[in-house]
Amino acid sequence: MIKRSIFKSRLLPYLLIFPQILVTVAFFYWPAAQGLMQSFLLSDPFGLHNTFVWFDNFIALFKDPLYLRSVITTLLFSAATAFVSISMGLFIATMANRAFKAKALIRTLLIWPYAVAPAISGILWLFLLHPSYGVVALSIKRWFGIDWNPVLRGGDALVMVVMASAWKEISYNFVFFMAGMQSIPKSLIEAAAMDGASPFRRFWAITMPLLSPTLFFVTVMNIIYAFFETFGVIHTVTQGGPGGATNTLVYKVYQDGFIGLNLGSSAAQSIVLMSLIILITVLQFKYVERKVQYTG
Amino acid sequence: MVEKTPILDTFTYIFLMLGILIVGFPIIYAIIAATLSIEDVSRVPMPLIPGDQFVVNMQTAWEKGDLGTQLVNSFIMAAGITIGKIIVSMLGAFSIVYFDYRFRTVAFVTVFCTLMLPVEVRILPTYEMAANLFGPFNSLWSALHLDGLAGWIAGHDVEMRLDFSLLDSYQGLILPLVASATCTFLFRQFFLTIPEELCEAAKMDGASPMIFFRKILLPLSKTNIAALVVIEFVYGWNQYLWPLLITTNPKMMTAVIGLQNLIPQADDLPYWNVALAGALIVMLPPILVVLLMQRWFVKGLVDTEK
C-alpha cells in the first residue's frame, strides 16, 4: 500500500530505506544463507575442509535419539508454559475486568513482571524451588510428601523451568486479555444479562467466543516465547540438565554449535527452527485467522 | 456490572488478591531474602521478617558482580537498540509509504519476511558475521577467484582479506538486534492512517520530503515512539543469548549476564541474599520504565503485538 499523495525524488527513498536493508541483509539474509549452506556441509574437526554431504546432516539429526528427545521436551515445555501462563492470565484478567474499584492499581500490580528478564525470573524461581533452601520446594515436600529434587530428577527440573518461564508471561497475557475484554461491547453483555444469563454463562457464551482471536494470537506468541526466548531461563536454572531433561531445541543449537562445535548439525538445527517459525507465521496469517470469530 | 452479585464480587476480589499475591510472591520473597544475613537466609525455613542487611547485601552484590560497569553496558545496549531501531524503522517506513520507486515492493518484502525471525534461531551464522563484518566480501572475493585476477594484474600473489570484528564491542551488542521489522511495520501502519491532505498541504507549501518528515510526521508519531521506547528498552535490557555469545571480556558484559556469577553453586556458601540483591538491582531499570510509562507500554504491547 502506498499513499495517493507522494513525494517525487530519485535518490532520497533509496537513502531512507538503505539502513534498514543493510542491517536486514547483513544480520538476517546473509546469516540465514550461511546457515543453509553450512547445513549441507560436513566440516572436519579443525575446520579446514568442508565436504558437501547433501541432506546427511538433516538425516543424522532426525535419526539422533537425543534430538528427538529434545523435540519432545520442547513440545512438552512449550505446551505446559503456554497453558499455565494463558490460563493464569485469562483468569486474572477476567477477575480484574469484573472489579469496579482500583482498576489502575490492579493493572500496575500485575504488569511489572513483563519487565523482568527471563534469566532473572530463572534466578528467582531457582531460589524458590531450590531443594534445600527453597520455600516452595519445602512446602511441596511437607504438604504433599513429594520428594522434590530438580537437581536430580528430570521431571522436577522441567516443572521448575516451566514455572520460571510461565510466571513472567502471565502479565503479557493479562494485558492482551484485558484489552480484548474491554473491546467487547457492553451492550452485548447487558442484553445477555437481561435474558437471564448468569455471569458464568455470559463468560462462556459471549466473552470467550469474542475473545478467541486474542486467545489465538496469545497462544501463538506464547509458544514462540517458550520456544525461543526462554534460553535465559534454561541457561541460568538447569543448563539443559539433569541428563538433558530440559534441553530445548534452542538450547541444543547453542550447545552443539558453541560448546560441541558441531557446526553442520547446529546449522541444520537452526534451519529446522527457521522453517518452523516461517510455518507458524504463514499459518497465523493465512489459515487459522479465518476460523476464529472476529468482533468487527 | 449489570446485576448485583455480592457473593461473586467478594470472590472476584479474593481471587484477584490471590492472583496479585502469586504474581508478586517471587519478588516479595526475593526482597525479604535480600535483607537477611547469610546465616538467616540459609536457615530452613527462611524467616519471613525482613532483616537489616539490605544495604550491606546491595553493596556486596554491587562490588562482587561489578554491577556498576555492567549496568552502564546494559544501559548503552538497551538505549542503542531502542534508538537505532526507531530511527532505522521510521526512515524505512517513510520511504515505503511516501515514495514510489522501482524497488519499493522488493524492499518491502525483503524487510517484512524477517518479521518473526528471532535472533535465537540464527545465532551461529550471525555470530560469524559479527566476528568479521567483511565476511561476505571475503567469500565473494574467493568465490569469484579475484585473488588470481588481482595477482595477474599486479604480477605477484595478492592476498585480500578484510577483517572487522564486532566482538566485545557496543556495536556488536547493538547492531544485530537493530534489524527488526516489527517497528517498521508499526510505523508503516501508522503512516497509512495519516490523512492524505497533510502531505498535499505540505507539498503545496513547498515543503521538501524531509521537512514534511520532521515537521509533520515526527510530531504525529510521538505516542508511537513513546510506546516503542518502552517495549524496545525492555527488550534490549533483557537480552541474554546474544550478549552471552558476543562478549567475553568482563568489562563488556551486560548486567543480566553478569548476574550469573553471583548465583551460588553447589560447593559455595549459599550467598542467596547477595545474589537476590543483585537481581533486584538489575531488574529495577526496566520495571521502572514499564511502570512509569504504563500507558504507552500497554499501547506499545498491543500495537506491536510483541
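All of the numbers you see were taken from the coordinates with simple rules; none came from a lab. Since the model is a prediction, treat every value here as computed from it, not as a measurement. Quick reminder, even Gly has a Cβ in these numbers, built from the backbone with ideal geometry, and neighbours come from all protein chains shown.
Would you mind giving the mean number of other chain beta-carbons within 10 Å of the Cβ of each residue in A:269-282, as a whole number?
3
Using a 7 Å offset from the Cα along the Cα-to-Cβ direction at both B:Leu48 and A:Leu188, what is the distance between the two label points in nm, to one decimal?
Reported label-point gap for B:Leu48 and A:Leu188 is 4.2 nm.
On a straight-distance basis, which lysines could pair with A:Lys168 in a cross-link, Cα separation under 18 angstrom, same-chain partners fewer than 8 positions away excluded?
B:Lys306
Please find the FRET efficiency linking A:Val53 to A:Thr281, where r is the Cβ-Cβ separation and R0 is fixed at 25 Å, and quote it to the nearest 0.05.
Numbers: r = 29 Å, r/R0 = 1.17.
My answer for the efficiency is 0.30.
Greater than 31 Å separation of Cα atoms is the criterion. Which listed pairs, B:Lys215/B:Lys299; A:Lys141/B:Lys4; A:Lys3/B:Lys299; A:Lys103/B:Lys222, meet it?
A:Lys141/B:Lys4
For the protein assembly as shown, restrict the atom set to alpha-carbon positions and state the Rg and Dmax in Å.
26.1, 94
Roughly how many whole Å is it from the C-alpha centroid of the range B:225-300 to that of the range A:143-214?
27
Give the share of C-alpha pairs in each 5 angstrom bin for the range A:57-291, from 0 to the last occupied bin, in whole percents, shortest bins first.
1, 6, 12, 14, 15, 15, 12, 10, 7, 4, 2, 1, 0, 0
If we count every other residue with Cβ under 14 angstrom of B:Ile281's Cβ, Lys/Arg +1 and Asp/Glu -1, where does the sum land?
After counting each charged neighbour, the total is -1.
Report, ordered by chain and residue number, the aspartates and glutamates lying within cross-link reach of A:Lys186, taken as a straight Cα distance under 17 Å and ignoring same-chain residues fewer than 8 apart.
A:Asp195, B:Glu3
Listed highest first by mean packing, meaning other Cβ atoms within 10 Å per residue, what order do A:89-102, B:40-53 come in?
A:89-102, B:40-53
Could you give the nm distance between label points at B:Thr248 and B:Arg295, where each point is 7 Å from its Cα heading toward the beta carbon?
The modelled label-to-label distance comes out at 4.9 nm.
Output the relative contact order of the range A:142-224, whole-number percent, from Cα pairs under 8 angstrom with separation of 6+ residues.
26
From Cα pairs below 8 angstrom and at least 6 apart in sequence, can you work out the relative contact order of the range A:57-291, rounded to a whole percent?
So the answer I get is 30 percent.
Extent of the range B:1-128 along each principal axis, from alpha carbon coordinates, in Å, largest to smallest?
Cα extents, longest axis first: 69, 58, 25 Å.
With the crude spin-label approximation of a point 7 Å out along Cα→Cβ, what separation in nm comes out for B:Ile87 versus A:Leu152?
Between B:Ile87 and A:Leu152, the label points sit 5.7 nm apart.
For A:123-130, what's the mean count of beta carbons from other chains sitting within 10 Å of each residue's beta carbon? Could you put the intermediate results ahead of the total?
Values: counts 14, 10, 1, 4, 13, 5, 0, 3.
Average neighbour count from other chains, rounded to a whole number: 6.
Using a 10 Å cut-off around each Cβ of peptide B:109-118, what is the average number of partner chain Cβ atoms that fall inside?
On the way: counts 0, 7, 7, 1, 6, 7, 3, 11, 9, 10.
Averaged over the peptide's residues, the number is 6.
Using Cα pairs under 8 angstrom and six or more residues apart, how large is the relative contact order of the range B:1-152, in percent?
9
How big is the gap, in Å, between the Cα center of the range A:229-258 and the Cα center of the range B:101-137?
Here the two parts' Cα centres lie 25 Å apart.
Given R₀ = 35 Å, what would the calculated FRET efficiency be for A:Leu105 paired with A:Lys141, taking r from the Cβ atoms and rounding to 0.05?
Numbers: r = 35 Å, r/R0 = 1.01.
That gives a FRET efficiency of 0.50.
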